[in-house]
Amino acid sequence: EKMAEDDNDPVVREIPVFLATELSDVLYLIQHPHFNVKRVAQNSDQTIGEPPLPKSAKIRPKHGKLELFTPIPKITADGSISEHYDDDATPKQCIKEHRAVSSKVELQTHFSIGAMREGALHLTPVRRILQMRASLAHIDQYEEKELLEME
């Protein structure tokens, strides 16, 4: 039975595989929250349907911390005002970018990232996984600012 399966799915090419470890100490696998692809702005440099890309980042490699800053567009891909944008929002609620902060994830299994170059597969082991979560630090910052103004 196994021979019959092999006949239906022949090997079409064999390629060399190389283990490339030089990047493994600086390579991160980043788990990102889901984004509503309808939020991509019409004036964005992205293709409609792609999740929004962060515009800036901060990394603290010794602590394994990453912060990503992604703009929140006012205009959606179809040209309408985003349902997530409110001109009448209070200053506390008004944010212009989504801030995601990482948490370390302990490795439970082995992962590699691969790239095909010049007909060969180059694999690099992943030794760090970061899981991104929404940050609500803007609320704390606004409340601190309000308290200072009240004094």
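We did not get these values from a lab; they are worked out from the coordinates using the rules stated. No experiment lies behind these values; they were computed from the predicted model shown. Cβ atoms come from the backbone with ideal geometry, glycine included; neighbour counts cover every protein chain shown.
Quick look at the numbers
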read-out	value
Packing-based ranking, highest mean first, of 98-109, 119-130 given that Cβ atoms within 10 Å are counted	119-130, 98-109
Long-range amide H partners of S112 with built H, under 5 Å	V126
Nearest-0.05 FRET efficiency for I15 and K58, computed from C-beta distance (R0 41 Å)	0.60
Stretchable slack from S112 to D140, in nm (0.36 nm times residue separation minus alpha-carbon distance)	6.2 nm
